[in-house]
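Report on the structure given below.
The values are calculated or read from the model by the stated rules, or taken from the named source; none is laboratory data. On a predicted model such as this, the values are computed, not experimentally measured, just so you know. Because the Cβ atoms are built from the backbone with ideal geometry, glycine has one as well, and the counts that use them run over all protein chains shown. Side chains included, ligands, DNA and RNA excluded: accessible areas come from the protein's heavy atoms. Shrake-Rupley method; radii C 1.70, N 1.55, O 1.52, S 1.80 Å.
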Amino acid sequence: MLLTNLNAATMRDGYGLIEDAAVLIADGKIEWAGPRTEAPKGHEEVDCGGRLLTPGLVDCHTHIVYGGSRANEFEQRLTGVSYAEIAKAGGGIASTVRATRAAPEADLAASALKRLDALLAEGVTTIEIKSGYGLDRDTEIKMLRVARELAQWRPVDVVTSYLGAHALPPEFRENRAAYLSLVCNQVLPAVAREGLADAVDAFCEGIAFSVEETRRVFEAAKALGLPVKLHAEQLSNLGGAKMAAEFGALSVDHIEYLDQDGVDAIAASGTVAVLLPGAFYYLREKQAPQVATLRKAQVPIAVATDLNPGSSPVHSLLASMNMACVLFGLTPEEALSGVTRNGARALGLTDRGMIAAGLKADLVLWDAERPGDLAYPLGFNPLAAVIRNGELVRGTI
Ligand code: NIG
Ligand code: FE
């Protein structure tokens with residue numbers, strides 16, 4: 001199939017825009033992409049009506065599998081109670097842990113599918129999903145199984161992260177070290193054995209785990225050959241990102257408080273900076289990530305929804321792109337790179353995120369002329385069609 005009469009944002013370098021382009025798809029892959037006048041001959045042509053083609057979108061940081069709701073905390077925060085205060089009082093992540101432990105697997109899958117559907121409607125073809133609302137062995141495994149299972153129900157690739165070090169479970173309140181032993185010596189090996197996690201994540205923060213505690217988890221991940229990523233420098237600057245860089249972390253996420261030292265460290269390790277403007281927006285944070293410093297150090301920047309019931313009930317990657325521009329000062333080009341090329345890179349995936357020969361044919365056709373049109377509106381979805389592995393899975397061309 002030769003897609004013709006389109007503008008291709010190949011994302012190979014900036015937008016990598018090719019006007020009046022053609023893209024040849026064969027066996028689920030992109031076989032050729034370039035100007036229409038140079039397209040290979042003799043293929044069935046599909047006219048795309050002059051619309052915009054981008055790579056399939058990658059949401060590289062989500063927590064879409066969870067039980068319960070935290071709408072009550074949203075209301076509390078609006079009266080002035082902080083995210084950290086709610087967490088200290090046994091709400092926050094701990095509240096979702098209670099609900100997730102109690103939820104049957106089928107219920108978790110059903111509610112996660114609804115969230116997934118919202119993301120897929122905007123052209124997401126690859127999603128990362130974290131555990132971290134079970135904390136005990138069985139519930140963490142249940143969450144990761146549900147995450148993997150979603151790919152059987154929808155046309156999407158699911159990448160999973162084991163986030164055992166998300167919060168200290170109440171049954172370990174008096175014994176942090178014992179919980180970390182459980183994570184490192186029992187749950188992580190079990191999860192690795194069953195092939196349930198593609199990476200290991202942790203929450204390094206005053207209200208969660210210290211740098212040294214996180215290091216323990218990363219050592220265990222490394223011993224099992226699993227890559228790491230980190231929720232770091234979201235509410236304060238503990239130096240977690242710098243430590244993560246020592247482990248060659250795939251990404252450090254949030255990073256509002258990351259300083260020059262931390263930026264230099266992740267630049268050297270090739271770690272992706274994942275910006276999560278949804279959490280910044282919902283928590284009404286004041287300190288934005290140092291985008292200019294990241295740019296100067298040529299750190300790849302990704303953007304994700306962080307879809308979760310507490311800090312970021314954001315079910316839209318397009319809205320996240322817009323917020324990354326308005327709240328953090330990203331250019332629309334950086335925002336689109338953030339949900340394509342750099343989103344893929346944050347997951348260690350080199351076979352997608354751009355329109356180039358040899359890559360997976362995950363593509364989105366938009367009722368838009370220019371790539372800048374995607375980050376510009378809020379609450380408007382110009383999606384026309386989604387192709388995944390070379391097959392049309394949504395819309396019409
Ligand atoms: O990415 N920062 C830690 N974890 C999630 C929030 C989880 C929650 O509040 O339930 C985040 O923001
Ligand atoms: Fe998160």
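Exactly one residue out of TYR83, TYR133 is aromatic (Phe, Trp, Tyr) and surrounded by 24 or more Cβ atoms within 10 Å (Cβ to Cβ): that is TYR133. Only residues that are over 27 Å from LEU113 (Cα atoms), open to solvent by 10 Å² or more (accessible area, probe 1.4 Å) and within 16 Å of ligand 1 (Cβ to nearest atom) were counted across region 151-197, and they come to 2.
Among residues of region 264-288 that are touching a residue at least 60 places away in the same chain (Cβ under 8 Å), those with a beta-carbon under 7 Å from a residue that is away from ligand 2 (no atom under 16 Å from the Cβ) and assigned to a helix (DSSP H, G or I) at least six positions away or on a different chain give the pairs VAL272/ASN342; VAL272/ARG345; LEU275/PHE328.
Taken over region 279-289, the criterion of being touching a helix residue (DSSP H, G or I) at 6+ places or on another chain (Cβ under 7 Å) and surrounded by fewer than 21 Cβ atoms within 10 Å (Cβ to Cβ) is satisfied by TYR281, LEU283, ALA288. The numbered conditions (1) away from ligand 1 (no atom under 16 Å from the Cβ); (2) on the phi < 0 side of the Ramachandran plot are all true for ALA202 except (1). Against the list (1) within 16 Å of ligand 1 (Cβ to nearest atom); (2) open to solvent by 10 Å² or more (accessible area, probe 1.4 Å), the condition VAL303 fails is (2). If you check ALA245, ALA208 for being more than 16 Å from ligand 2 (Cβ to nearest atom) and crowded, with 18+ Cβ neighbours inside 10 Å, only one passes: ALA245. Where helices (runs of 4 or more DSSP H) fall entirely within region 37-127, those with at least 3 residues that are without any contact (Cβ under 8 Å) to a residue 40 or more places away in the chain are at 71-78, 93-102, 105-120. Taking each residue of region 366-389 that is touching a residue at least 12 places away in the same chain (Cβ under 8 Å) and over 22 Å from GLY329 (Cα atoms) and looking for partners that are surrounded by 16 or more Cβ atoms within 10 Å (Cβ to Cβ) and among the hydroxyl-bearing types (Ser, Thr, Tyr) with beta-carbon atoms closer than 8 Å, six or more apart or interchain, yields TRP366/THR54; VAL386/THR125; ARG388/THR125.
Checking ALA94, ALA71 one by one, the residue that is more than 16 Å from ligand 2 (Cβ to nearest atom), open to solvent by 20 Å² or more (accessible area, probe 1.4 Å), farther than 16 Å from ALA279 by Cβ and of a type in the set (A, V, I, L, M, F, W, C) is ALA71 and no other.
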